[in-house]
Amino acid sequence: MIYFVTVNYFSTDLVNQLIRSLPENSEVSYQVIIVNNSPDDASIKQLKTDSILILEAKTNLGFGRACNLGLNWVYKQDNEAIAWIINPDSYLLEKNIEKVPAFFKAYPELSIVGTLIYIPTGEVWFGGGRFIPGTGTIFSENLLLTQPNLAYVPCDWVSGCSLLLNLRKFPSCPEFDPAYFLYYEDFDFCRRYSLEGHLIAITPLIRVGHQPSSITNRNIFIKIKYSTYSYLLTLEKYVSLPVRSLRFLRLIFHAFMLLVVKPSVALGKLYGVFLYLKKRY
């Protein structure tokens, strides 16, 4: 059984696009779990069917906490299922989902698997994540370019835009850290479970399309505010004090440099710093 978990925030049209990309008939059973982060969005209710469940968050919980709501529901139904976290602005490029349980049957050692993610132009948007603790560098690169014939490549983190969980590998329901509202929660999720011994990988065998930031770009200030706060929180958790101090100063300097040319971005960065300091001290 595959459970697709997606989070709605005034994005009914995008969620509907995702649903239309799923196979109408499949040998593999699946269910779509929509966590509704926008209770005022009545239009999402029109998507409800026997195979599409809507969980009401009652408020905007943020991405990670909303996913936790969906994951806990799934885990209670079937703690050996495959949970596929997928953004509402993403969609399957192939309707063949039979390959998903076959993949985990062939590679049962994997706990968290990311898929290749393409943008509409056909370019790879995400192909694996890396982390260098010594410098605090968090970045993505197409790890499959040099190893295209492998079924999967281990990596440090994968994008929450399209992330599969082999629930049978987890003795309790895997959860995102609720301290994150938006951004970097996928990195933190992968790092925490990696430190517990879980194997994380990217596979070229499962592919999705994605329209980057089609939701978050509606308000640049809010996007930058949350990404800055989450970035600083992540540095605190995984990077040494000297390195994160240097990156903190660099971030502040960059924010002031942008005040004239990109005031929304600059103010978002500064407000994100304020939120972090308020929490920290």
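For semi-axes √(5λ) of the Cα gyration tensor in Å, the value computed from the atomic coordinates appears in the list (i) 26, 21, 19; (ii) 37, 20, 18; (iii) 30, 23, 18 under label (iii). Taking the Cα centre of the range 80-127 as origin and assigning +1 to Lys and Arg Cβ atoms and -1 to Asp and Glu Cβ atoms, the resulting dipole is close to 100 debye.
Given a cut-off of under 8 Å on Cα pairs at least six residues apart, what relative contact order in percent is computed for the range 1-111?
Contact order relative to length: 38 percent.
Here's the picture: charge each Lys and Arg Cβ at +1 and each Asp and Glu Cβ at -1 in the chain, and of Ile119, Thr234, Thr49 the one pushed furthest to the positive end of that dipole is Thr234.
For the residue pairs Lys223/Lys279; Lys45/Lys169; Lys237/Lys262; Lys76/Lys169, the alpha carbons lie more than 25 Å apart in Lys45/Lys169; Lys237/Lys262. Taken over the range 9-78, the percentage of Cα pairs per 5 Å bin, counting from 0 up to the bin with the maximum distance, is 3, 16, 26, 25, 19, 8, 2, 0.
Spatially, the range 193-209 and the range 78-114 are offset by 10 Å when compared through their Cα centroids.
With both labels modelled 7 Å from their Cα along Cα-to-Cβ, the Glu80 to Gln17 distance reads 3.8 nm. When each full DSSP H helix of the chain is screened for a Cα extent of at least 20 Å along its own axis and an average Kyte-Doolittle hydropathy of at least 0.0, the helices passing are 220-238, 241-258, 263-280. Only one residue of Val158, Phe139, Trp73 has its Cα farthest out toward the positive end of the dipole of the chain, where Lys and Arg carry +1 and Asp and Glu -1 on Cβ, and that residue is Phe139. Principal axis extents of the C-alpha atoms in the range 19-172 (largest first, rounded to whole Å): 45, 39, 38. A Förster radius of 51 Å, combined with the Cβ-Cβ distance separating Ser264 from Tyr107, puts the computed FRET efficiency at roughly 0.70.
Since every read-out is calculated from the coordinates, none of them should be taken as a lab result. Just so we're clear, the structure is a prediction, and the values are computed from it rather than from any experiment. Neighbour counts are summed over all protein chains in view; Cβ atoms, including those assigned to glycine, are modelled from backbone coordinates with ideal geometry.
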